[in-house]
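This report refers to the structure that appears directly beneath it.
The values are calculated or read from the model by the stated rules, or taken from the named source; none is laboratory data. None of the values given here were measured: they were computed from a predicted structure. When we count neighbours, we look across all protein chains shown, and the Cβ atoms used for this are built from the backbone with ideal geometry, even at glycine. Calculation scope for accessible area: heavy atoms of the full protein, side chains included, ligands and nucleic acids excluded. Shrake-Rupley method; radii C 1.70, N 1.55, O 1.52, S 1.80 Å.
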Amino acid sequence: MADRSILFSLAPYHILSYGTLLGTQVFHTFINSVASFRVLERPQFAILQRELFPVYFGIQTAAPIVLALTYPGSRSSLFGVPSSLAGVFHESSRWGVLVPLGTIFATGLLNLAYLLPETNKITALRREQEKKDGKASYDAPPHSKEMTALNKQFGKIHGISSLANLITLLATVVYGINLSTRLE
């Protein structure tokens, strides 16, 4: 029978939190968003993403905190790495733990607190301009000067958000590789 004491350690909660973060990122980035864009009309796709993104970026922001709090220290020696925040901030954990978790947190927070609201603001302005122009922002050019400027702004913010999301995913994979070196 399995040792029940593992349930009283940080390890299973850490692994489950990591799996949730990585699985959410891979599913949303490569499956959900792609399939939704392919099958939904543009306005419905925008509504769906507007509802999903706060939850998605919230997970990206909260998960590294949970991972830091549940970081399982090493039991291999008397001078091993401590658990939780002390282990994350331990000198030996700087590049493999602190930097990836800090990157995940920072890019998730950037998307949640700044880029998402900014994108929503530009999207609302584009909808207003669509009414004035009588033409959707994603219709073929030519567009009014105002819509051209809004589309350029949207593309810039969306591109930065996509890059931040990719950096978050890569940092999550780097952290997972580091975490895997601790498995026996």
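One table, with the values for the structure above:
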quantity	calculated
Extension gain from Glu146 to Thr29, taking 0.36 nm per residue of separation minus the Cα-Cα distance	39.1 nm
Hits among lysines - C-alpha to C-alpha of Lys145 under 17 Å, sequence gap 8 or more where chains match	Lys131, Lys132, Lys135, Lys156
Modelled FRET efficiency - R0 25 Å, Trp95 with Ser162, Cβ distances, 0.05 increments	0.45
Among Ile31, Ile122, Ile65: highest mean-square fluctuation, GNM of the chain, C-alpha pairs under 10 Å	Ile31
Helix 42-69 vs. the chain, principal-axis angle (Cα, 0 to 90°, nearest 10)	20
Per-pair calculated FRET efficiency, R0 = 30 Å: Leu170 and Asp139 via Cβ, rounded to 0.05	0.30
Å² per residue, accessible surface of segment 38-171 at 1.4 Å	59
Candidate values [x] 1.31; [y] 1.24; [z] 1.12, label of the one derived for Cα Rg over 2.2 N^0.38 Å	[x]
Among Ala140, Ala68, Ala113: highest mean-square fluctuation, GNM of the chain, C-alpha pairs under 10 Å	Ala140
Efficiency of FRET between Glu51 and Ser5 - r from beta-carbon atoms, R0 35 angstrom, step 0.05	0.25
Given 16 as the ceiling on other Cβ atoms within 10 Å, longest exposed-site-free region of the chain for trypsin sites (Lys or Arg not before Pro) in DSSP loops	1-74
Carbon plus sulfur fraction of accessible area for the chain, probe 1.4 Å, in percent	68
Gaussian network model of the chain, Cα within-10 Å springs - most flexible of Ile157, Ile59, Ile47	Ile47
